[in-house]
Amino acid sequence: MVTRQSPITVLQGVGAAKAAAYERLGIRTLGDLLLHYPRAYENRGDIRPLAQTHPDGKSAVLLTVASEPKAVRLRSRKSLLKLRAFDESGSCEIVYFNQDYLKSKFPVGSVYRFYGKVERVGKGYRMSAPAAEAWATGIPLPPYRAVYRMTDGLSQNQIAKDAEAALELLAADGEDPLPAEIRERRSLCTLSYALRNIHKPEDRASLLIARRRLIYDEFFTFSLGTSMAGRRTRSASAPACKWQEIAPLTDQLPYTLTGAQMRAIDEIRRDMAQELPMSRILVGDVGCGKTVCAAAAMLIALQNGLQAALMAPTEILARQHYEDLAPLFERMGYSCALLVGATPAAEKRRIKASLCEKDPARRLPLVIGTHALLTEDVSFAFAGLVVTDEQHRFGARQRATLLEKSEHAHLLVMSATPIPRSLALVLYGDLAISRIDEMPPGRQRVDTFAVDESYRERLNGFIERQVGEGGQVYVVCPAVEEEKDAGEVDLYDLLEEDAPVRGRAPMKSAVGHAEALRERFPGLRVESLHGRMKSREKEDVMQRFAAGQIDILVSTTVIEVGVNVPNACLMIVENAERFGLSQLHQLRGRVGRGKRKSWCILVAGDGVGQSEENPSRKRLDVMRTTYDGFAIAEQDLEQRGPGDFLGSAADGTLRQSGGLSFRLADVAEDGEILSRAAQDAKALLREDPELQAHPVLAERVREAFTIEEGLIS
Ligand code: ADP
Ligand code: MG
């Protein structure tokens with residue numbers, strides 16, 4: 001029988017070559033294919049007169065064929081098919097290349113919906129190779145057409161066709177994992193309706209209904225998974241750690257701990273003295289000094305003859321922790337290793353072997369690394385403490401693995417995202433919270449301004465001056481590359497009642513904007529950095545920026561958790577309206593770390609305007625007036641819902657690379673669904689802790705927590 005786990009090669013016309021292309025998109029099974037949700041939709045329902053089509057994107061037009069297609073042979077042995085069609089606003093020449101079979105398709109007088117780029121040519125118009133659908137009165141054509149993330153060897157049509165075929169094949173396997181009671185109470189549609197309409201929406205309403213159900217599912221599964229995993233750890237036991245002096249660590253520091261740091265360390269110390277495993281999250285603004293608290297916790301484990309591990313979401317960050325902490329621990333007599341993806345294989349083997357060494361004299365007590373620490377063959381002889389930094393950056397599967405690995409260890413999580421208590425409960429299950437709400441003395445305030453496009457030239461002048469004085473500049477953009485067409489509409493836009501295609505200001509992309517800045521500042525060293533680069537390349541760029549060899553670093557939010565560059569004094573955020581406040585706050589924390597006076601400039605995209613009434617505008621104003629991460633977090637929750645705490649900017653790449661790897665859910669927008677789903681998950685687990693009465697659901701939870709790729713920027 002065909003199931004969600006069947007390979008996509010069960011589909012007609014999908015052989016080895018197509019399967020290999022699908023593999024590049026992370027799609028192996030029919031289930032994967034159905035989860036490959038469209039990244040956008042062509043808005044073919046927004047039919048416009050030729051005279052009012054988008055100048056630089058695709059549009060839908062409804063044209064009557066005026067002349068039969070004529071074939072023209074070109075010298076290059078290519079053939080060209082030409083026809084004329086018109087609407088009340090003008091006449092359009094339509095051309096196709098090498099598609100002679102279309103010759104019989106367009107009888108004179110018939111009406112077609114064409115979709116594509118409309119160019120102005122003299123007094124008329126031209127479309128090259130538009131999509132064409134016959135228009136018969138009384139039979140409405142679907143208004144939206146899915147646009148998928150692509151790779152070579154596949155076409156949009158192919159994916160759409162395959163997704164439809166997969167849905168058909170799986171119709172028999174149509175069991176809905178969500179308990180019917182919940183589905184009814186929350187007025188959600190069935191799963192099969194949702195999948196059908198997310199790939200091939202009947203209309204806008206169906207698409208929104210489908211989306212709501214799928215988002216609910218993502219949150220529901222997530223909540224079930226984290227609660228179940230969390231429960232397992234808490235029921236286990238961990239070694240109780242006796243308290244000894246941490247002076248050997250603190251005496252080495254050039255500063256004294258703040259009161260907030262001491263309180264946090266005290267809370268950690270008391271947790272670790274128990275035989276119950278600690279599950280604590282340490283929250284505090286960027287730069288408040290969480291690392292040293294983690295170091296104190298690690299020292300406590302080491303003093304008790306146990307091992308400690310510190311895991312960071314990026315190689316850059318892991319390396320920085322290693323460079324900061326290893327010398328401190330070496331001086332106290334504890335050796336420390338760095339384990340990241342790029343660590344040479346032999347070195348990796350050596351580290352892994354010494355981690356599980358029974359002989360304490362040869363055992364490695366301390367390891368710092370990335371999720372490379374989560375691979376199966378890493379095991380600890382006597383794990384006492386596992387620390388993760390910027391936990392919200394890890395995917396669900398990695399969290400689950402982490403919880404498993406640390407089953408008999410204490411767990412400390414650090415996050416620079418100040419999470420309101422109510423939300424922390426949803427996101428982190430039952431972690432105890434320590435807040436560091438005090439900054440080390442002497443920190444400067446980063447002056448913040450919100451501007452729009454009309455300030456562009458002044459802004460450029462400011463960049464020039466800062467670099468001229470020896471400073472360095474960050475520019476953050478919401479997207480990696482331009483990929484959205486002006487005629488396309490993403491789900492976010494559809495949520496706005498009126499004219500969905502109006503969309504939002506076009507997104508600046510890191511690659512494109514870096515190019516523009518290079519042109520504008522030929523004398524400056526401009527580089528881009530984004531999540532699609534190999535980690536070696538990212539590392540290299542970041543290191544050169546840190547070494548002062550790059551003047552302007554144009555990046556996506558991968559630098560959000562980047563290294564400390566005290567010489568950077570200007571943070572510019574493009575399309576700032578696309579980012580959550582907490583995220584902006586974190587970005588701002590990247591500057592003002594050294595002696596240079598520092599600034600943060602938030603550039604609102606076109607259309608956000610200066611109006612006080614504009615909600616985007618208001619949000620940005622919070623940034624100008626508020627410098628306390630917790631206050632910003634509360635504002636964010638009030639204004640937008642819980643999203644920003646998960647680090648989800650509006651851009652799709654971010655949704656994949658950071659955040660909690662939700663496919664569809666935009667936690668910034670869907671906070672209400674999140675809290676309902678979490679509530680329902682908790683209630684269900686109270687009734688049925690192992691989901692015995694819901695085997696399909698239990699299966700889905702297991703699946704979600706194992707198949708998800710480690711998409712970490
Ligand atoms: P974060 O909380 O963002 O991880 P870090 O732990 O990286 O912050 O600390 C930021 C910087 O502040 C580091 O350079 C660290 O040495 C310094 N720092 C930490 N605690 C103090 C303190 N009590 N007084 C002065 N500087 C401190
Ligand atoms: Mg940190």
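The values are calculated or read from the model by the stated rules, or taken from the named source; none is laboratory data. Keep in mind that what you see is a predicted model, and the values were worked out from it rather than measured. Every residue, glycine as well, gets a Cβ built from its backbone with ideal geometry; the counts of neighbours run over all protein chains shown. These accessible areas exclude ligands, DNA and RNA; they are computed on the full protein's heavy atoms, side chains included. Shrake-Rupley method; radii C 1.70, N 1.55, O 1.52, S 1.80 Å.
So which of Pro642, Pro695 is of a type outside the set (Phe, Trp, Tyr) and at pLDDT 55 or above?
Details: Pro642 fails: at pLDDT 55 or above.
Result of the check over Pro642, Pro695: Pro695.
Scanning region 275-292 for any residue that is outside any helix (DSSP H, G or I) and open to solvent by 50 Å² or more (accessible area, probe 1.4 Å) turns up at least one such residue.
Within the group Ala260, Ala264, which residue is over 30 Å from Glu537 (Cα atoms), touching a strand residue (DSSP E or B) at 6+ places or on another chain (Cβ under 9 Å), of a type outside the set (Asp, Glu) and surrounded by 21 or more Cβ atoms within 10 Å (Cβ to Cβ)?
Details: Ala260 fails: surrounded by 21 or more Cβ atoms within 10 Å (Cβ to Cβ).
Answer to the selection: Ala264.
Run down Gln444, Gln466 and say which single residue is open to solvent by less than 70 Å² (accessible area, probe 1.4 Å) and at pLDDT below 90. Reasoning before the result, please.
Values: Gln466 fails: at pLDDT below 90.
It is Gln444.
The set of residues from region 238-292 being more than 16 Å from ligand 2 (Cβ to nearest atom), in contact (Cβ under 8 Å) with a residue 24 or more places away in the chain and small (Gly, Ala, Ser) comprises Ala238, Ala240, Gly259, Ala273, Ser279. Here Glu323 meets each of (1) more than 13 Å from ligand 1 (Cβ to nearest atom); (2) more than 28 Å from Ala633 (Cβ to Cβ); (3) under 34 Å from the mean Cα position of the chain (by Cα) with one exception, condition (1). Among the residues of this structure, Arg44 does not count as one that is charged (D, E, K, R) and open to solvent by 30 Å² or more (accessible area, probe 1.4 Å). Return a yes/no flag: does region 322-341 have any residue that is more than 16 Å from ligand 2 (Cβ to nearest atom), at pLDDT below 95 and part of a loop (DSSP other than H, G, I, E, B). Yes. Among the conditions (1) in a loop (DSSP other than H, G, I, E, B); (2) at pLDDT below 80, the only one that Glu703 does not satisfy is (1). Modelled with pLDDT of 65 or more and open to solvent by less than 10 Å² (accessible area, probe 1.4 Å), is that true of Gly629? Considered against the rule, which asks whether it is modelled with pLDDT of 65 or more and open to solvent by less than 10 Å² (accessible area, probe 1.4 Å), Gly629 comes out as yes.
Report yes if some residue within region 263-271 is in a loop (DSSP other than H, G, I, E, B) and either within 15 Å of ligand 1 (Cβ to nearest atom) or in the same structural domain as His410 (by TED's automatic domain parsing) (or both); otherwise report no.
So the first thing to find is which residues in region 263-271 are in a loop (DSSP other than H, G, I, E, B), and the list is none.
Within region 263-271, not a single residue is in a loop (DSSP other than H, G, I, E, B) and either within 15 Å of ligand 1 (Cβ to nearest atom) or in the same structural domain as His410 (by TED's automatic domain parsing) (or both).
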